[in-house]
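Below you'll find the structure, written out as structure tokens, and then a few comments.
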There are 2 protein chains.
Amino acid sequence: MATVIDGKVVAQTIRSEIADEVRLLSQKYGKVPGLAVVIVGNRKDSQSYVGMKRKACAELGIKSFDVDLPEQISQAELIKQVHELNANTDVHGILVQLPLPKHINEEKVLSEISLEKDVDGFHPLNIGKLAMKGRDPLLLTLVSKLCDPHYTKPACLELLQRSGVTIKGKKAVVVGRSNIVGLPASLLLLKADATVTIVHSHTSQPENIIREADIVIAAAGQPKMIKGSWIKPGAAVIDVGTNAVDDPTRKSGYRLVGDVDFEEASKTAGWITPVPGGVGPMTVTMLLKNTLEGAKRYIEQNN
Amino acid sequence: MATVIDGKVVAQTIRSEIADEVRLLSQKYGKVPGLAVVIVGNRKDSQSYVGMKRKACAELGIKSFDVDLPEQISQAELIKQVHELNANTDVHGILVQLPLPKHINEEKVLSEISLEKDVDGFHPLNIGKLAMKGRDPLLLTLVSKLCDPHYTKPACLELLQRSGVTIKGKKAVVVGRSNIVGLPASLLLLKADATVTIVHSHTSQPENIIREADIVIAAAGQPKMIKGSWIKPGAAVIDVGTNAVDDPTRKSGYRLVGDVDFEEASKTAGWITPVPGGVGPMTVTMLLKNTLEGAKRYIEQNN
């Protein structure tokens, strides 16, 4: 039976590390990291996510800049707000809660966030949303982050390393090639000296490729597409998928499942993340960690 | 026996297409593409390459801007020259011949070439020279090119497509992960819907992975490392390696070999490029094609 990687526990460990570092920054420079959390409109789910993020800031000593904008705001006005946050030297991270109202081009707005402050680039809820075609400012943003030695790892790599999984020399298979998860994960695994294969919707018999993998990153956005029999014994399986499937037994009418058949795969894998409770709880924490890193870079360079 | 892909013949076809397009541009707008070829110092080999490039420009109707600078030029002065060429609207491509003298940081100088005019990003002679570490302006340049729908393919993809090799849904293995060849080739193959694996020096038993490949891009910079027995029957093999090995029977004392054992591999492969005479002859041609594409973009937008 696999070791189940508990994202909540790992996230909690990282959060206490962040709190320590925030305290040190504050003692040394009298400054704390600042995260601007921008929300447009009154969606209940968005408000709940934003509330969670602002609360997490408060718990760790990160100053939260709350920007609540009306549903009717124009794209130009929203971008103006982003530019003001870009210019604000107390703000080290900017998060624009998605989805934005339909009259606003999300990709355009996100691409206006300055590179150093775009702390949310690896948002797993965006999987598969952006295809790799045309000129794509987000891909550029991501790759430039990957090229920055100070940039923090995406959650999937952090979970692997904190679970003691060796990456160097291992065969890694990334399922899905989105700009937001699949592609950055592939490049970072490559950088960490794994032999990387990227599998996607045009791959024939992906099971034969996945069966060879020591590390599987599932980011296809297809509920339970990866079967237990596809997993090599002892492999580390990180499931970034978060798919809502109908479940009439629940009050909500749905439940969340990953891209991996957890029940079966956990019999074979060496390590596996559950959905929910694996990569998910890491999301907000990585956002805070990215904000801390941005603040450290800025404050240390300007003091 | 494999079909040997003759890079000279393909290059000749592309050159006559370029000449046609240059003629059309000149008729329609009264303007021709311009390529600045910058050489520093008096190295014999560099002078011979530069001469080849300037001659090729003349043959295709591309205006060549010759910038010959003394060995002692300072890095700041060289960069000033690059900035002037960036600002010159008749120059659509800038090539700085490498290597530069030891007192000049090549990467720094290349990164000063404006994105739209950097026509030489995929230079195969640089294989393995730049590792993927640290913040790397060249990688950024490359990726932003890859994201530009107008940007021309690197030579290895052009050769595959012109030889009628299907890429979509095929298993492609790229051997080598340099920013200049391996990585861009991987991303472009992925974009063309191949299932891509990147193999490198930390990969154990690369032969087992390469044996599965329908398409092999060899860009490791290791003479004849890929054996004939590693090639799947019918595979397409593009050898980007150009390695000088000792050969006392030659006047020069050396000869060029690829990363693939051509003699053996050509018995099994479906298509294969020789070294020399495969990817090599495409280099100057792709440079000219990139210059033409840059000129078309600029002239069409500004007329």
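Yes/no per residue for (1) of a type in the set (A, V, I, L, M); (2) in the same structural domain as B:Val82 (by TED's automatic domain parsing); (3) assigned to a helix (DSSP H, G or I); (4) under 21 Å from B:Val109 (Cβ atoms):
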position: B:Met1; (1), (2), (3), (4): yes, no, no, no
position: B:Lys8; (1), (2), (3), (4): no, no, yes, no
position: B:Gln12; (1), (2), (3), (4): no, no, yes, no
position: B:Arg15; (1), (2), (3), (4): no, no, yes, no
position: B:Ile18; (1), (2), (3), (4): yes, no, yes, no
position: B:Val22; (1), (2), (3), (4): yes, no, yes, no
position: B:Leu35; (1), (2), (3), (4): yes, yes, no, yes
position: B:Ser46; (1), (2), (3), (4): no, yes, yes, yes
position: B:Val50; (1), (2), (3), (4): yes, yes, yes, yes
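Set side by side, the residues A:Gln301, A:Gln205 differ, and just one is closer than 30 Å to A:Asn88 by Cβ, free of Cβ contacts under 8 Å to residues at least 24 places away in the same chain and of a type in the set (S, T, N, Q), which is A:Gln301. When the stretch A:86-111 is filtered for residues that are crowded, with 19+ Cβ neighbours inside 10 Å and modelled with pLDDT under 85, only A:Leu110 remains.
The rows are residues; the columns are (1) modelled with pLDDT under 95; (2) part of a loop (DSSP other than H, G, I, E, B).
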| position | (1), (2) |
| --- | --- |
| B:Ile238 | no, no |
| B:Leu256 | yes, no |
| B:Ala269 | no, yes |
| B:Pro274 | no, yes |
| B:Ile299 | yes, no |
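Taken over the stretch B:265-303, the criterion of being acidic (Asp, Glu) and in contact with a Ser or Thr (Cβ under 7 Å, 6 or more places away or on another chain) is satisfied by B:Glu293 alone.
The test for being within 20 Å of B:Met282 (Cβ to Cβ) and either assigned by TED's automatic domain parsing to the domain that holds B:Leu160 or surrounded by fewer than 14 Cβ atoms within 10 Å (Cβ to Cβ) (or both) does not hold for B:Gly234. A:Tyr254 fulfils the conditions (1) surrounded by 18 or more Cβ atoms within 10 Å (Cβ to Cβ); (2) over 19 Å from A:Ser178 (Cβ atoms); (3) more than 14 Å from the chain's Cα centre (by Cα) except for a single criterion, (1). Of the residues making up the stretch B:244-253, not a single one is in contact with a strand residue (DSSP E or B) (Cβ under 8 Å, 6 or more places away or on another chain) and closer than 18 Å to B:Val4 by Cβ.
The values are calculated or read from the model by the stated rules, or taken from the named source; none is laboratory data. Since the model is a prediction, treat every value here as computed from it, not as a measurement. Quick reminder, even Gly has a Cβ in these numbers, built from the backbone with ideal geometry, and neighbours come from all protein chains shown.
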